[in-house]
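Have a look at the structure below before the remarks.
The values are calculated or read from the model by the stated rules, or taken from the named source; none is laboratory data. Values in this document were obtained by computation on a predicted structure and should not be read as measured data. As a convention, Cβ positions derive from the backbone with ideal geometry for all residues, glycine included, and neighbour counts pool all protein chains shown. SASA here: full protein model, heavy atoms, side chains in, ligands and nucleic acids out. Shrake-Rupley method; radii C 1.70, N 1.55, O 1.52, S 1.80 Å.
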Amino acid sequence: MELGRKVKLMQGNQAIVEGAFYAGARFYAGYPITPSSEIAEESAKRMPLLGGIYMQMEDEIASMAAIIGASLAGAKSFTATSGPGFSLMQENLGLAVMGEVPCVVINVQRSGPSTGLATKPAQSDVMQIRWGRHGDQSVIALCPASVSECFTLTVTAFNFAEKFRVPVILASDEVVGHMRENITIPSPGELAVAERKKPTGEPAAYKPFIADEDGVAPLASYGSDYVFHVSSSMHGPDGYSNNNPANAAWRVAQLHKKIEMHREEIIITKTFDTEDADILFIAFGATTRASRAAALELRKQGIRAGVLQLMTIWPFADKKIASLGERAKTVVVPEMNYSGQVAGEVQRILGAGADIRKVNSYNGEIITPQDILKAIL
Amino acid sequence: MSHATGLQYLKKGVLPHMWCSGCGVGVMLGALVRSFEELGYERKDTVVVTGIGCTGKTDDYLVTNALHTTHGRALAYATGIKAFNPKLHVVVLMGDGDSVTIGGNHFLHAARRNMDLTAIIINNFNFGMTGGQFSGTTPADAITQTSIYGNAERQLDISALAELAGANYVARGTPYHVWELKTNIKEALSKKGFSVVEIYSPCPTHFGKNNKMKEATAMLQWLKESGLPVEKYNSLEKSARKGFFAVGKLVDREEPDFNTRYEEIRRRAMNLKV
Amino acid sequence: MKTNKDRCEVILAGSGGQGLVVSGIMLAEAAILEGKNVVQTVSYGIATRGGFSMAEVIIDKEEIIFQQVQKADIVLTLTEEAMEKFQSFADSGTSIIYDSTLLEERRGSNICGYPFTDMAGKLGHVGMANIIALGFMAQKAKMIGTDSLEKVIQERFSGNVMEMNLKALQAGVNLAL
């Protein structure tokens, strides 16, 4: 398959696979689950032809483990799942954080709790993505709102994973995953594709956890001249077990700091008519589109409304929300969950006195522009 | 001819090791690094994957590549490594908890897939690291910290499971039969496909103490007296086998491993494409 | 019926296995050939066959912001359940098309039945009812050129199957002329 510039009708899930291949992914391990299965199917079909490996593992625990193993052997690797599977992945996802192993996890969110409504959309894993693992960890998470964004944000997810040696979660949802849209596939070279830093010094002196100035340590591959250890246990700069409290403090802080240092680069947002907005919608994923439609409707009625789209959901866009939220009289956060997981973060930033309206859907139905308008007019 | 020591694979300055006197992990580690040397393994081409527990600490002593993983998942990590780079020697060191209790599903499927991995399992019939609770391989009625009145559950036979699930090579050893153990480990490492060496191992600190084998030597004595060479064990009537177990090579097959099969399928796909 | 629209919203409703999603995809692909933006979404139960199923297609010269149909121009219904769900749309100007081979006959402004399945059977295969309906709607709503749909059929199928589908498409178009 040639990756030339071509307009095509494509499903969101399929565009994710195209994006992964564009970024150079050559290892997929997963366990099929609705509504993410098309990602497994497309990977299974194409990986052999691209010289890559598709593995169907016995469960999502093993899938997460296998993509970490393959990444340490030098692969750009990924998996795809939905709620129940994402829950199973948490422990090993934590190893990817601890061992600073680049990899991408696609979570096509569906309606819960538990098995829930398997074919219906939700955006209810926002907090699980951020805090779902034991121990205090930082990860990066991106949310596409269209088929095109499925492609581009998957490329970005791999780039962030490689650059920052961190697992990146691409959190789409059933709506975005299953919708088909016209998409122009970028030609090779059109989008930047990042590769992990490799060690260059004397192999015997290589320490896989000594960061460069950018906060990230070079990562060798198993089988190269650089022999190295990676551990789920607290470890020193050489990857061997280390129980020293000062070492533990340094390691934990480092895992957070490397993300903090690059916040500006990592946090991607889009704004639509926010300059003069009295009503500010803060949206992500599928609800971005309903919000934009609602904002345009309000403009027609002479009400100044705008939309801030969070393409990066974690780390959270604190600064951007603070500056836009300061101007707006009312902030509206539509999301497909009960608790207002993003609204809570917005409240944290804008303070208890801010006029924040939550618009929530938790019955498996999408949020429409009418739902949003009803909530604020 | 001088004997292999395997010292070049051991980290300097970390001995003596952490394992209790009488424990079998050190003997296994010795046999493993000697096997590495005799097979001419290079450190850079070798990846040791460990889980959690007493056996899970072995990577701390090695200067090969290593991945110390989560409890029970070592085989799944190793699967990813081997699938992506088949040239690597990937060795997975686990206890009975890692391999067939919490990690039983991965064990089953690594064997079914016939991943070209060598799984070396220290089976000491209990969870040693956490203080001696029963595991999936604890014999029925045995006393452990969570079965103080006797174990209500039955014992899983790791070697039999490996054979049934499709491993190409299965052997059972003990730290008493130390030379045979090295031979079996070498055979397992050399074997393409999934290979398993199950090592019945003393845990005098917990299992032995609770089950009338408090002295390290008592457990070794038990392994010596109960472990019979495979041929001898097989020659016994079924009823006479009670209280004994087979030591040595149990399964030796030549089924194609996962990577070989995947390449076959890849060629099929490429031909369809053209 | 509206003509030459910059935007067209279509709903294809019936039950799983009736080829509605495929029709939706073909319609969307044809629109792409004409340089338009499209969004195609589906809604179905937990199984891929049986049960209520629908596909939505939006075709627009401009960017499509909200991805779901807001005011359908045309709704195709292939089951009674689908008809009951969308019948009332006719009151606000939506064209409701139904398969009179499969559904009870209905009268009312903006509600029209055509024997798509019967026609398909006469052409050789009842499974082509969706293609006849597609040709009919595309022509009736003036949303997409017949030649674009022909191109899509030629891309998807070959040999006899392609010929049959082209015939079915033409039969649908003729029905609307």
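Taking the stretch A:235-262 only, how many residues are part of a loop (DSSP other than H, G, I, E, B) and touching a residue at least 24 places away in the same chain (Cβ under 8 Å)? I'd like the intermediate steps shown before the answer.
Here is the first cut: in the stretch A:235-262, the ones part of a loop (DSSP other than H, G, I, E, B) are A:236-240, A:242-244, A:261-262.
Retained after the next criterion (residues that are touching a residue at least 24 places away in the same chain (Cβ under 8 Å)): A:236-239, A:261-262.
Counting residues in the stretch A:235-262 that are part of a loop (DSSP other than H, G, I, E, B) and touching a residue at least 24 places away in the same chain (Cβ under 8 Å) gives 6.
Counting just the residues of the stretch B:89-111 that are touching a Phe, Trp or Tyr at 6+ places or on another chain (Cβ under 6 Å) and without any contact (Cβ under 8 Å) to a residue 60 or more places away in the chain, which one comes out surrounded by the fewest Cβ atoms within 10 Å (Cβ to Cβ)?
Only one residue tops the list, namely B:97.
Quick test of your reading of the structure: residue A:220 fulfils all but one of (1) crowded, with 20+ Cβ neighbours inside 10 Å; (2) away from every other protein chain (no Cβ under 11 Å); (3) part of a loop (DSSP other than H, G, I, E, B). Name the failing condition by number.
(2)
Within the group C:59, C:97, C:111, C:132, which residue is closer than 22 Å to residue A:368 by Cα and either more than 17 Å from the chain's Cα centre (by Cα) or of a type in the set (A, V, I, L, M, F, W, C) (or both)?
None of the other options fit; the residue is C:59.
Which residue out of A:315, A:334, A:369 is within 14 Å of another protein chain (Cβ to nearest Cβ), modelled with pLDDT of 95 or more and closer than 19 Å to residue A:127 by Cα?
A:334
Just give me the residues in the stretch A:197-209 being of a type outside the set (S, T, N, Q) and surrounded by fewer than 19 Cβ atoms within 10 Å (Cβ to Cβ), in sequence order.
A:197, A:198, A:201, A:202, A:203, A:204, A:205, A:207
Which of the residues that make up the stretch B:7-31 are within 14 Å of residue B:60 (Cβ to Cβ) and under 14 Å from the mean Cα position of the chain (by Cα)?
B:25, B:26, B:29
Kindly list, by first and then second residue, each pair from a residue in the stretch C:149-167 that is free of Cβ contacts under 8 Å to residues at least 60 places away in the same chain and charged (D, E, K, R) to a residue that is part of a helix (DSSP H, G or I) and open to solvent by 50 Å² or more (accessible area, probe 1.4 Å), limited to pairs with Cβ atoms under 9 Å and residues at least 6 apart or on different chains.
Final answer for the pair search is C:150/C:170; C:167/C:123.
For the stretch B:166-274, which helices (runs of 4 or more DSSP H) that fit wholly inside it have 1 or more residues that are under 30 Å from residue A:70 (Cα atoms)? Reasoning before the result, please.
Details: elements: B:178-190, B:216-226, B:230-235, B:258-273.
Answer list for the stretch B:166-274: B:178-190, B:258-273.
Looking at A:51, A:24, A:12, can you tell me which residue is more than 28 Å from residue B:72 (Cα to Cα) and open to solvent by less than 10 Å² (accessible area, probe 1.4 Å)?
Numbers: A:51 fails: open to solvent by less than 10 Å² (accessible area, probe 1.4 Å); A:24 fails: open to solvent by less than 10 Å² (accessible area, probe 1.4 Å).
Of the residues listed, the single one that is more than 28 Å from residue B:72 (Cα to Cα) and open to solvent by less than 10 Å² (accessible area, probe 1.4 Å) is A:12.
Counting only residues that are surrounded by fewer than 15 Cβ atoms within 10 Å (Cβ to Cβ) and not β-branched (Val, Ile, Thr), give me the strands (runs of 3 or more DSSP E) lying completely in the stretch A:285-377 with at least 2 of them. Lay out the reasoning, then the answer.
Numbers: elements: A:305-310, A:312-314, A:330-335, A:356-360.
Those strands (runs of 3 or more DSSP E) do not exist here; none qualify.
Here's a check for you: in the stretch C:85-135, which residue that is outside any helix (DSSP H, G or I), closer than 22 Å to residue C:51 by Cβ and not charged (D, E, K, R) is most open to solvent (accessible area, probe 1.4 Å)? If you could, list the steps in order and put the result at the bottom.
We begin by selecting, within the stretch C:85-135, every residue outside any helix (DSSP H, G or I); these are C:93-115, C:124-125.
Of the ones still in play, those that are also closer than 22 Å to residue C:51 by Cβ are C:96-99, C:101-104.
Filter again for not charged (D, E, K, R), leaving C:96-98, C:101-103.
Values: C:96: 1, C:97: 5, C:98: 4, C:101: 63, C:102: 85, C:103: 12 Å².
Checked the stretch C:85-135; the qualifying residue most open to solvent (accessible area, probe 1.4 Å) is C:102.
Would you list the strands (runs of 3 or more DSSP E) that sit entirely within the stretch A:44-144 and hold 3 or more residues that are within 14 Å of another protein chain (Cβ to nearest Cβ)?
It comes to A:53-56, A:77-81, A:103-111, A:117-121.
Here is a check on your reading of the model: is residue B:40 touching a residue at least 60 places away in the same chain (Cβ under 8 Å), of a type in the set (Gly, Ala, Ser) and open to solvent by 10 Å² or more (accessible area, probe 1.4 Å)?
Judged against the criteria, residue B:40 is not a match.
Quick one: how many residues across the stretch B:98-149 are within 25 Å of residue A:66 (Cα to Cα), among the hydrophobic types (A, V, I, L, M, F, W, C), out of contact with any Ser or Thr (no Cβ under 8 Å at 6 or more places or on another chain) and assigned to a loop (DSSP other than H, G, I, E, B)?
Here the count works out to 1.
Anything in the stretch A:163-177 that is away from chain C (no Cβ under 14 Å) and either more than 14 Å from residue A:77 (Cα to Cα) or open to solvent by 10 Å² or more (accessible area, probe 1.4 Å) (or both)? List them, or say none. If you could, list the steps in order and put the result at the bottom.
Of all residues in the stretch A:163-177, those away from chain C (no Cβ under 14 Å) come to A:163-171.
Scanning the stretch A:163-177 gives A:163, A:164, A:171.
Only one of these conditions is not met by residue C:58: (1) under 26 Å from residue A:147 (Cβ atoms); (2) at pLDDT below 95; (3) out of contact with any Ser or Thr (no Cβ under 7 Å at 6 or more places or on another chain). Which number is it?
Result: residue C:58 fails condition (2) only.
Output the residues belonging to the stretch B:112-127 that are open to solvent by less than 10 Å² (accessible area, probe 1.4 Å) and farther than 13 Å from residue B:259 by Cα. First the steps, then the outcome.
Applying the first criterion (open to solvent by less than 10 Å² (accessible area, probe 1.4 Å)) to the stretch B:112-127 yields B:114-115, B:117-123, B:125-126.
Answer for the stretch B:112-127, where residues must be open to solvent by less than 10 Å² (accessible area, probe 1.4 Å) and farther than 13 Å from residue B:259 by Cα: B:118, B:119, B:120, B:121, B:122, B:123, B:125, B:126.
Can you find even one residue in the stretch B:58-76 that is more than 13 Å from every other protein chain (Cβ to nearest Cβ), closer than 20 Å to residue B:174 by Cβ and either at pLDDT 95 or above or open to solvent by 30 Å² or more (accessible area, probe 1.4 Å) (or both)?
no
Filter the stretch A:227-267 down to residues that are closer than 15 Å to residue A:101 by Cβ and open to solvent by 20 Å² or more (accessible area, probe 1.4 Å) and give me whichever is nearest to the chain's Cα centre (by Cα).
A:254
If I ask for residues that are hydroxyl-bearing (Ser, Thr, Tyr), in contact with a Leu (Cβ under 8 Å, 6 or more places away or on another chain) and farther than 18 Å from residue C:15 by Cβ, which ones from the stretch C:98-136 would you list? Can you show your working first?
Going residue by residue through the stretch C:98-136, those that are hydroxyl-bearing (Ser, Thr, Tyr) are C:98, C:100-101, C:109, C:114, C:117.
Applying the additional criterion that residues be in contact with a Leu (Cβ under 8 Å, 6 or more places away or on another chain) yields C:98, C:114, C:117.
Result: C:114, single match.
Quick one: which residue in C:42, C:75 is open to solvent by less than 50 Å² (accessible area, probe 1.4 Å), within 11 Å of chain A (Cβ to nearest Cβ) and either at pLDDT 95 or above or part of a strand (DSSP E or B) (or both)?
It is C:42.
This table checks each residue for (1) without any contact (Cβ under 8 Å) to a residue 12 or more places away in the chain; (2) open to solvent by 70 Å² or more (accessible area, probe 1.4 Å).
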position: B:173; (1), (2): no, no
position: B:190; (1), (2): no, yes
position: B:197; (1), (2): no, no
position: B:213; (1), (2): yes, no
position: B:227; (1), (2): no, no
position: B:242; (1), (2): yes, yes
position: B:249; (1), (2): no, yes
position: B:260; (1), (2): no, no
position: B:267; (1), (2): yes, yes
